[in-house]
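K.L.:
The structure is given below, and queries will be raised subsequently.
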Amino acid sequence: MKPAVLTGEHYMTGDEACAEGALAAGCRFFGGYPITPATEIAEHMSKRLPEVGGTFIQMEDEIAAIASVLGGAWSGQKSMTATSGPGFSLMMENVGLGVCTETPCVVVNVQRVGPSTGLPTMGAQADMMQARWGSHGDYRIIALAPMSAQEIFYQTITAFNLSERYRTPVFVMTDEIVGHMSEKVVIPPADQIVCEWRPKPKGRKDRFLLYKPGKNGVAPMPAAGEGYNVHVTGLTHDEKGYPVMSVEAQQQMMDRLCHKIDDNLDDIVMTEAHGLEDAEVVLVSYGISARTSLAAMHQARAAGMKVGFLRLITVWPFPQERIAALAERVKALVTVEINLGQIHLEVMRAAAGRTACHLVGHAGGTIISPDQVIATLKEVL
């Protein structure tokens, strides 16, 4: 058996770093289907999982892939899949099933240009709204956006920890550029990596309630076969997990699903700030576009412009209170993203007319250059 944590310095792609982060987090089941530009994650997991006692399975399509991941999670394993735009679309119904059944798992989307087949080998950030609203019905979701190979290693671990802590699917919304970029990745010793596991039930098994929330709003979760009554359904259900066809049961279930996220935003939502103290204009970005924004901020400050930068590490739930507070005191907010304004719409909503909002974006295929951001900053200032 080889170690699950390859401690040391490595030169690897973002896709490979994502796979290594999953292994370090304790992932031992991967169900997937190959798709550019996420295939390298599956390939890496197909080699490494057997080395650490895990299971890799290639399913017939992405619908089956996410279904296998949900099943793997209920067997007691930390489970994961990876895909890109067209496959992400196919997974959405079962993402909703994972939310409804409170199944912890991680879904990595290495975004490419769409819609439809689009440009399979070129990057974009145009699946961000789909990540939030892709499945039907009301629900909450957690989505992280790494900007480097090093960070996707750590964010994959964070995604698993959040999924276990809150019993929910968690997205890692990376992109072709981060996925295929080769960079230095430092993997720490195993004893320095925090790996959380879903809360386990206590007490009599014959009185166990599968969906009765604990103190943090999250119900403990047994694995199938441990002797507990486990009834898992996508129908509206009560705390036993049994279907109940009533308005009251639906409200109670939705309160549980929403409050466990809404009541823990301080624990879930992560941002990174630069130069906000004296900023007159603030760049808002995430993922690969955050690197562009950070470079543009430094160039702008060197030229005497008072520009700050807010990076969205967690994109969903959206950090609307942070954006609203900035909108109260700056001249403008400038969103930088490789799409036609998906998160920009959220920035405008949070700003609520209190300041000007501008977009630096395009339809995908390449990164946004710092010069494009600087040009907008000059117009704003």
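The values are calculated or read from the model by the stated rules, or taken from the named source; none is laboratory data. Model, not experiment: these values are computed from the prediction. Every residue, glycine as well, gets a Cβ built from its backbone with ideal geometry; the counts of neighbours run over all protein chains shown.
K.L.:
For the range 325-366, how many residues meet the condition of being more than 24 Å from the chain's Cα centre (by Cα), touching a residue at least 40 places away in the same chain (Cβ under 8 Å) and in a strand (DSSP E or B)?
P.N.:
The qualifying residues number 1.
K.L.:
Whether any residue in the range 100-108 is closer than 28 Å to Ile288 by Cβ, among the charged types (D, E, K, R) and surrounded by 19 or more Cβ atoms within 10 Å (Cβ to Cβ) is what I want to check.
P.N.:
Within the range 100-108, none of the residues are closer than 28 Å to Ile288 by Cβ, among the charged types (D, E, K, R) and surrounded by 19 or more Cβ atoms within 10 Å (Cβ to Cβ).
K.L.:
Could you tell me which numbered condition Glu40 fails, if it satisfies all but one of (1) over 21 Å from the mean Cα position of the chain (by Cα); (2) assigned to a helix (DSSP H, G or I)?
P.N.:
(1)
K.L.:
Could you name every one of the helices (runs of 4 or more DSSP H) located completely within the range 128-202 that has at least 1 residues being modelled with pLDDT of 95 or more, under 14 Å from the mean Cα position of the chain (by Cα) and not basic (Lys, Arg)?
P.N.:
128-133, 149-166
K.L.:
Another question, if that's okay. Return yes when Gly31 is assigned by TED's automatic domain parsing to the domain that holds Glu93, in contact with a Phe, Trp or Tyr (Cβ under 6 Å, 6 or more places away or on another chain) and buried (at least 24 other Cβ atoms within 10 Å of the Cβ) and no when it is not.
P.N.:
The answer is no for Gly31.
K.L.:
In addition: When you scan the range 52-79, how many residues do you find that are closer than 12 Å to Ser163 by Cβ, hydrophobic (A, V, I, L, M, F, W, C) and touching a residue at least 60 places away in the same chain (Cβ under 8 Å)?
P.N.:
Selection size over the range 52-79: 0.
K.L.:
Could you list, in sequence order, the residues of the range 229-280 that are within 30 Å of Leu381 (Cβ to Cβ) and either acidic (Asp, Glu) or under 27 Å from the mean Cα position of the chain (by Cα) (or both)?
P.N.:
Result: Val269, Met270, Thr271, Glu272, Ala273, His274, Gly275, Leu276, Glu277, Asp278, Glu280.
K.L.:
Considering each residue of the range 283-324, count those that are assigned to a helix (DSSP H, G or I) and either modelled with pLDDT under 95 or of a type outside the set (Lys, Arg) (or both), and give that number.
P.N.:
Of the residues in that region, 18 qualify.
K.L.:
Does Ala38 satisfy the criteria of being within 20 Å of Gln77 (Cβ to Cβ) and surrounded by 23 or more Cβ atoms within 10 Å (Cβ to Cβ)?
P.N.:
Judged against the criteria, Ala38 is not a match.
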